[in-house]
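Enquirer: Below is the structure I would like to discuss, written out as structure tokens.
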Amino acid sequence: MSQVPEMLERVGRIVGDVRTNTREFRIILDETSYLAVDDLVVVISDIPGLNNPLATYGVVIESESTYEGVTYETDVRRIADSGVLPAELIRTATVAITRMIPEIWTAPLAGQIVHRATGVARDLALYVDDMGRKMPVGLAPDGSPIFLDLDFFDGTKGGHMSISGVSGVATKTTYAFFFIRMLTGARHLRENADKYDAVGDSLHNTRVLVFNVKGQDLLWLDTDNADFTDADESGWTALGITPTPFQLVTQGASISDLKPGIPTVSFWSPPQEGTPEDLVLPQADRTGVSPFYWTPREFIDSGLLSYVFTDASDSRNQLQFLLERIQSQLQRWAVDLADGTGAVVLRHPNEHEFIEGKRVPVAPRSGEITINSLESLKNGIRYFIDPDEIEPHPDWVGSIERGTILAFIRRLEAASRINRLGKLIRVGTKMSVDRDLATVTVVDIHSLHELAQRFVVGALLKETFEEKEETGSRTPLSVVVLDEMNKYAPIQGESPIKDMLIDIAQRGRSLGVLLIGAQQSASRVAPDVLENASIRVTGRLDSAESERSQYGWMLPSTRARAKLLKPGTMVLGQPAVPLPVVLKFPRTPWATRGEERSVSSAEELFSGLDSSLSEDIE
Amino acid sequence: MTSDLSDLSLSISSWDPAYGSAVDFREFQESDQQSLDDSVEMNSKNWEPIHGNIIDAPPEILFVDGIQRVEARLEIYPPEFEVPQLALWAATGAGAVRWNRKERKSQFFDLTHRRVVVLPKGIEISHIERLKRADIDFEICHARGTEFSDLQNEVHAQMAELEVQIVRTTTNSSGNMVIADGRIRSKHPPRTLGYVKSHERRYLSGRPAETVPNLDIEQRTPIFLIDGQYPRYSWYIRVGYVPKGNKWQGIARLEVSAELELEHAIELADISAVVIPIAAPPLYMDPRAPQNLVPIAALERELRRGLGDPELLNRKLKVALHEA
């Protein structure tokens, strides 16, 4: 270790007027050197009694300057204006210790020479040598990659990631996708094993599910970014990835012309009411988006009724009890219609006919309600639990009070309106989100009512999680990106989505279901979800937010700085490195907003027209 | 614990080392009889303030000063002596501030420190052999007598010697103006200005004495000659005002060797009247403001800092003499 500093740049010495300790020390800088916040340093001390020199690594957390020999504040005039007062301009830096080698927790010695940690020393300062599988997740100020120990994301030693930051600067989702691009570029990394360690097979066939909740921001992952510069390109090159947008894959399209090594993306959106099924978005300029919905059959089989009642206030015991009862009765009673469109009728289980253990599809009898939409499902349920003239069916309601039944119907009624959940449940050929189609599955829910958004998120999370529960295999990994975590897993209240998110947070690690949760304020997210995230990332924080205990993993100086972070700069906390690291990430080669799309001249000609058109429709 | 007798012959006096050393002896050192000629530049009957100017002022002005500190009083008591003899362990320092008026920048330079053990007359160096155990470098010199004041005078002389050395080296870089704190002595190079901030001695009377309090900033009195063992030209300037104070406050006196041509002295006097007030501190900054010039105060502070912690030194000496 002692030979390392000889190649390194000397920047100063540890000051002698304050004590060093095992957390911090201060440096007086040499006249020709500088240190910026986030720079890494190393100090070698010969500790009495230790056979080998002690190497102390640290990161600069503050940079300071003053005149030495100044007693009064106005002295500066006599120093700088008339110049009669001799004083020495000094520059100092405060360093937080990140590591000691050997691990003998002893303060570095006052007066020791401090070197800038570059190359091997820099990796040692950031524990890169300790990382099982390192993956670049950002750039240091000097442009070199900052690594993450993948073992702490993919479930080997830890899992999940939590991203916090104020909204509007679009950094949370952008970083999440930057991260996903690094993650799915693993194949590429493996090919360049000489540059980075092999990341391993766990990332092979990784599937990412993401919900687009704001505008159409995530629907341009396959489109070039007009603002992408050469500087951004070199950033990506330093990270070992050739910057390209994701490759679009549509349902039924040939995948033979896909380029290898570039992750794919598929877009999904609920169909617009009264339009052909393939026109799923109001904007005509976004093509290649597949529609998705659930048939009544799928709705009943998957028990999706729970996700209709996702409001925290719906969690009253009686209502939940009734809901579970109705759910199981639906599963018992529902028989497919013979037309094969996914419609069902509710018929008493004793009257079901079976061939080889399967229910035989039927034609509806007179008086039976054909369930082909949420509206008709509501009517079907109502027929059993709140019929007009006869008593409710005891199998369906048990001894539940009428008030609860009415509350249930009221909620179901509200939800089944066409502009809420209505359009998500319809009959037709199977149109579900195929998460195996592409690496990244973007489900657009931004135009849906909040109730419907929750429903889609809940239904797809359940599907993802149950699939992994069934296979019991951690790989291939299934990553879920969920923005507005505070909405889905709030700190207070109960909801089926929250329960599932907590379940994923706790068990997903071993099942290979990994959550990338994003939120404006971590303080409003359920602690169970937050605390299970091994990787923590924050962008700019609201100043009140940054003081909260959820950010205790950051240093006080980092917290102060988090209020001022610019887009493209994040703070990363990971178990492998005991200190938060500030990193930058290059602009993405894909557009993160519609305005960033690079358009060809012909398209440009009509672009004004398009946008005015889309505004009208919206 | 067995010690040979010579070990017992040296100890540290439990007196506070600073006791009795606070006297500023600069002024009474040259208390020779002096005669005064107050009409060398202007007839004393016509004395009135003269405006200074800095047309010929050099770009660099140097301030030189020295400090002294008695750090321990040693008692030497060899068997052949009837009573213990006193010696002083002292530290001196001297240095300069180079004020570049054009660049508006001041810098310390030639900061020199020296530790010295002053032995009374007749005491052998061998008696203080044990001091070397403290592992601090020091020089040894002898006082002219055996009294405490003799020892103190020798410490002062050592400091003055150091200061003169600094002045000599700085004056070599010609063209600059050198201002030494306090009176000048024969050992100073002739161009050196002495800056005297206190007025313990009355030089002028009659009209010349009345002229002094009426000086304004950038004005000076006419030059007068102080004749004696070492003849010097002298003049008063105003460095600042003390609001509601008496009019002699804020006045400083300068002197320069009379070996210099009078013309040359006049030139220096003119420059000093304008330049020195710039370096005067505001009242709140220094108890000795405005006379105690900023660069000199800073220099003293820096020199004192360089002497190290007196408590620490005392501890080292005690360990060396009494515990080792």
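The values are calculated or read from the model by the stated rules, or taken from the named source; none is laboratory data. These figures come from a predicted structure and were not determined experimentally. As a convention, Cβ positions derive from the backbone with ideal geometry for all residues, glycine included, and neighbour counts pool all protein chains shown.
Enquirer: With respect to the numbered conditions (1) crowded, with 23+ Cβ neighbours inside 10 Å; (2) not assigned by TED's automatic domain parsing to the domain that holds A:P263, which one is the sole condition not fulfilled by A:A407?
Expert: Of the numbered conditions (1) crowded, with 23+ Cβ neighbours inside 10 Å; (2) not assigned by TED's automatic domain parsing to the domain that holds A:P263, the odd one out for A:A407 is (1).
Enquirer: For the subset of segment B:282-302 comprising residues that are touching a Pro at 6+ places or on another chain (Cβ under 8 Å) and within 13 Å of B:F63 (Cβ to Cβ), which member is farthest from the other protein chains (Cβ to nearest Cβ)?
Expert: In this case the residue turns out to be B:N292.
Enquirer: Taking the stated definitions as given, is A:T558 surrounded by 23 or more Cβ atoms within 10 Å (Cβ to Cβ) and either over 19 Å from the mean Cα position of the chain (by Cα) or in the same structural domain as A:D38 (by TED's automatic domain parsing) (or both)?
Expert: It is true that A:T558 is surrounded by 23 or more Cβ atoms within 10 Å (Cβ to Cβ) and either over 19 Å from the mean Cα position of the chain (by Cα) or in the same structural domain as A:D38 (by TED's automatic domain parsing) (or both).
Enquirer: What is the number of the single condition among (1) assigned to a strand (DSSP E or B); (2) more than 30 Å from B:Q107 (Cα to Cα) that A:S63 does not meet?
Expert: Of the numbered conditions (1) assigned to a strand (DSSP E or B); (2) more than 30 Å from B:Q107 (Cα to Cα), the odd one out for A:S63 is (2).
Enquirer: Checking the structure you have, find out if any residue of segment A:29-36 is part of a strand (DSSP E or B) and touching a Gly at 6+ places or on another chain (Cβ under 6 Å).
Expert: yes
Conditions (1) modelled with pLDDT under 85; (2) surrounded by fewer than 20 Cβ atoms within 10 Å (Cβ to Cβ); (3) of a type in the set (D, E, K, R); (4) touching a Lys or Arg at 6+ places or on another chain (Cβ under 9 Å), marked per residue:
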{"position": "A:D149", "(1), (2), (3), (4)": "no, no, yes, yes"}
{"position": "A:S164", "(1), (2), (3), (4)": "no, no, no, yes"}
{"position": "A:S167", "(1), (2), (3), (4)": "yes, yes, no, yes"}
{"position": "A:A176", "(1), (2), (3), (4)": "no, no, no, no"}
{"position": "A:A198", "(1), (2), (3), (4)": "yes, yes, no, yes"}
{"position": "A:L203", "(1), (2), (3), (4)": "yes, no, no, yes"}
{"position": "A:D224", "(1), (2), (3), (4)": "no, yes, yes, yes"}
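Enquirer: Is it true that some residue in segment B:268-291 is touching an Asp or Glu at 6+ places or on another chain (Cβ under 6 Å), more than 30 Å from B:F138 (Cα to Cα) and assigned by TED's automatic domain parsing to the domain that holds B:R185?
Expert: For segment B:268-291, residues touching an Asp or Glu at 6+ places or on another chain (Cβ under 6 Å), more than 30 Å from B:F138 (Cα to Cα) and assigned by TED's automatic domain parsing to the domain that holds B:R185: present.
Enquirer: Within the bounds of segment A:32-55, is there any residue that is in contact with an Asp or Glu (Cβ under 8 Å, 6 or more places away or on another chain), more than 14 Å from chain B (Cβ to nearest Cβ), surrounded by fewer than 21 Cβ atoms within 10 Å (Cβ to Cβ) and not polar (S, T, N, Q)?
Expert: Within segment A:32-55, one or more residues are in contact with an Asp or Glu (Cβ under 8 Å, 6 or more places away or on another chain), more than 14 Å from chain B (Cβ to nearest Cβ), surrounded by fewer than 21 Cβ atoms within 10 Å (Cβ to Cβ) and not polar (S, T, N, Q).
Enquirer: Looking only at segment B:73-129, filter to residues that are among the small types (G, A, S) and over 30 Å from B:L293 (Cα atoms); which one of those is farthest from the other protein chains (Cβ to nearest Cβ)?
Expert: B:G122
Enquirer: Please specify each residue of segment B:90-123 satisfying the condition of being charged (D, E, K, R) and out of contact with any strand residue (DSSP E or B) (no Cβ under 7 Å at 6 or more places or on another chain).
Expert: B:K102, B:E103, B:R104, B:K105
Enquirer: Related question: Would you confirm whether or not segment B:248-267 contains a residue that is surrounded by 15 or more Cβ atoms within 10 Å (Cβ to Cβ), among the charged types (D, E, K, R) and touching a strand residue (DSSP E or B) at 6+ places or on another chain (Cβ under 7 Å)?
Expert: yes
Enquirer: For residues in segment A:337-392 being of a type in the set (K, R) and under 17 Å from A:L305 (Cβ atoms), which is nearest to the chain's Cα centre (by Cα)?
Expert: A:K378
Enquirer: Being more than 41 Å from the chain's Cα centre (by Cα), in a loop (DSSP other than H, G, I, E, B), closer than 30 Å to B:P295 by Cβ and assigned by TED's automatic domain parsing to the domain that holds A:T98 is the requirement here; does A:G49 meet it?
Expert: no
Enquirer: Of the residues that sit in segment A:68-99 and are part of a strand (DSSP E or B) and within 10 Å of another protein chain (Cβ to nearest Cβ), which one is surrounded by the most Cβ atoms within 10 Å (Cβ to Cβ)?
Expert: The extreme case among them is A:E88.
Enquirer: Something else about it: Restricting attention to segment A:322-365, which residues are modelled with pLDDT under 85 and closer than 25 Å to A:G458 by Cα?
Expert: A:T341
Enquirer: Is it true that some residue in segment A:15-27 is crowded, with 22+ Cβ neighbours inside 10 Å, away from chain B (no Cβ under 14 Å) and assigned to a loop (DSSP other than H, G, I, E, B)?
Expert: Scanning segment A:15-27 turns up at least one residue that is crowded, with 22+ Cβ neighbours inside 10 Å, away from chain B (no Cβ under 14 Å) and assigned to a loop (DSSP other than H, G, I, E, B).
Enquirer: Would you confirm whether any residue within segment B:253-260 is away from chain A (no Cβ under 14 Å), over 24 Å from the mean Cα position of the chain (by Cα) and of a type in the set (A, V, I, L, M, F, W, C)?
Expert: No, the conditions are met nowhere in segment B:253-260.
Enquirer: Provide a single number: the residues in segment A:399-418 that are touching a Leu at 6+ places or on another chain (Cβ under 6 Å) and more than 11 Å from A:L322 (Cβ to Cβ).
Expert: 2
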